[in-house]
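Please read the structure below before turning to the comments.
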Amino acid sequence: VIVLDLQSFTTVLLDMDGVIYRGPQLLAGAVELIAFFQHHGIRFACITNSSTRTPDEHATRLRRDGVFVHDQHIMTSAQATRQQLDAQWPPRTPIYALGTPALHTALFNDGVFVPDSQAPQVVVVGHSPQFSYEACCLAARAIIAGAAFIGTNPDVTVPATQGLVPECGALLAYLQAATGVAPTISGKPAPTMFHQALARCGGEPARTLVIGDRLDTDIAGARAAGLATALVLTGVTTPAMLAATALQPDQVFTDLPQLLMTWGLRDRPS
Ligand SMILES: [Mg+2]
């Protein structure tokens with residue numbers, strides 16, 4: 001049963017990990033899907049909760065695998081956080097950032113905001129594979145002193161070669177326990193990132209499809225933003241997980257080749 005009228009969509013927002021690639025591996029249909037969008041003039045943006053790579057690093061890596069995207073097609077939770085800071089804080093605001101070089105690039109590269117570990121007005125926390133106890137102490141002290149506490153994304157784990165490992169959400173929970181302050185979060189499932197990506201593409205919400213692999217971030221967030229949803233089963237969601245939840249996407253596809261076949265077949269005159 002076809003639930004979605006795929007032909008009606010003129011903009012697509014895609015998650016990356018579990019949709020376009022899984023870990024180091026490009027997923028089947030990714031090259032063809034992006035080529036299909038470009039051929040048919042469908043606007044798209046890749047949106048990821050990860051803050052560990054810059055858009056340019058993502059785009060370079062995808063192009064190396066034959067997926068022809070530019071850095072403007074990529075939005076990370078670090079970009080989403082930066083846009084939120086731009087909207088809410090004046091230039092020269094001192095910010096303490098705990099995260100990867102890609103997060104620091106997003107926040108500080110153009111010199112609008114000022115890195116400050118001593119008396120920041122804002123603490124931004126992203127995935128921090130190299131964080132130190134000392135850095136956590138600086139962040140916690142600033143939050144207790146009244147700095148705004150912002151997390152890039154809520155994911156508590158991320159799949160790695162050896163299995164699940166802690167991600168940003170776990171560090172946010174640690175700092176929340178130490179400070180008694182809950183962070184505000186920029187990444188999915190907050191609708192912010194979907195709205196920002198749509199604004200960047202110039203897409204109409206009613207004609208936008210979100211493709212993701214996670215129910216709690218991609219599907220929940222897209223629905224909160226009022227967008228149509230397609231789930232692919234190439235990432236974290238299994239058929240058993242899908243059967244056990246009330247949160248159902250508009251349509252489920254085994255993988256990108258199935259989605260593309262469904263979309264492409266309807267393209268042909270019958
Ligand atoms: Mg994903």
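Of all the residues in the stretch 133-161, those that are among the β-branched types (Val, Ile, Thr) and surrounded by fewer than 15 Cβ atoms within 10 Å (Cβ to Cβ) number 4. Against the list (1) out of contact with any helix residue (DSSP H, G or I) (no Cβ under 8 Å at 6 or more places or on another chain); (2) closer than 18 Å to residue 102 by Cβ; (3) open to solvent by less than 30 Å² (accessible area, probe 1.4 Å), the condition residue 4 fails is (2). Looking across the stretch 15-25, the residues that are open to solvent by 30 Å² or more (accessible area, probe 1.4 Å) and either within 14 Å of the ligand (Cβ to nearest atom) or touching a residue at least 60 places away in the same chain (Cβ under 8 Å) (or both) come down to 17, 22, 23, 25. Do you know which residues across the stretch 33-54 are modelled with pLDDT under 95 and open to solvent by less than 10 Å² (accessible area, probe 1.4 Å)? Answer for the stretch 33-54, where residues must be modelled with pLDDT under 95 and open to solvent by less than 10 Å² (accessible area, probe 1.4 Å): just 51. Considering the stretch 57-149, the qualifying strands (runs of 3 or more DSSP E), each wholly inside and each with 1 or more residues that are modelled with pLDDT of 95 or more and closer than 24 Å to residue 179 by Cβ, run over 94-98, 122-125.
The condition of being open to solvent by 10 Å² or more (accessible area, probe 1.4 Å) and β-branched (Val, Ile, Thr) holds for only one of 184, 237, that being 184.
Restricting the search to the stretch 179-203, which residues are under 26 Å from residue 149 (Cβ atoms), touching a strand residue (DSSP E or B) at 6+ places or on another chain (Cβ under 8 Å), away from the ligand (no atom under 16 Å from the Cβ) and not in a strand (DSSP E or B)? Across the stretch 179-203, the qualifying residues are 179, 181, 182, 183, 186, 196. All told, residue 12 meets the bar of being part of a strand (DSSP E or B) and within 26 Å of residue 158 (Cβ to Cβ). Summed over the stretch 206-224, residues that are more than 22 Å from residue 33 (Cα to Cα), open to solvent by 20 Å² or more (accessible area, probe 1.4 Å) and either among the aliphatic types (A, V, I, L, M) or within 12 Å of the ligand (Cβ to nearest atom) (or both) total 3. In the stretch 45-60, is there at least one residue being more than 16 Å from the ligand (Cβ to nearest atom), without any contact (Cβ under 8 Å) to a residue 12 or more places away in the chain and of a type outside the set (Ser, Thr, Tyr)? Taking every residue of the stretch 45-60 in turn, none turns out to be more than 16 Å from the ligand (Cβ to nearest atom), without any contact (Cβ under 8 Å) to a residue 12 or more places away in the chain and of a type outside the set (Ser, Thr, Tyr).
The single condition among (1) open to solvent by 30 Å² or more (accessible area, probe 1.4 Å); (2) at pLDDT 95 or above; (3) within 15 Å of the ligand (Cβ to nearest atom) that residue 30 does not satisfy is (1).
The values are calculated or read from the model by the stated rules, or taken from the named source; none is laboratory data. Because the structure is a prediction, the values reported are computed rather than measured. Every residue, glycine among them, receives a Cβ derived from its backbone with ideal geometry; neighbour counts consider all protein chains shown. Ligands, DNA and RNA are excluded from the accessible area calculation, which covers all protein heavy atoms including side chains. Shrake-Rupley method; radii C 1.70, N 1.55, O 1.52, S 1.80 Å.
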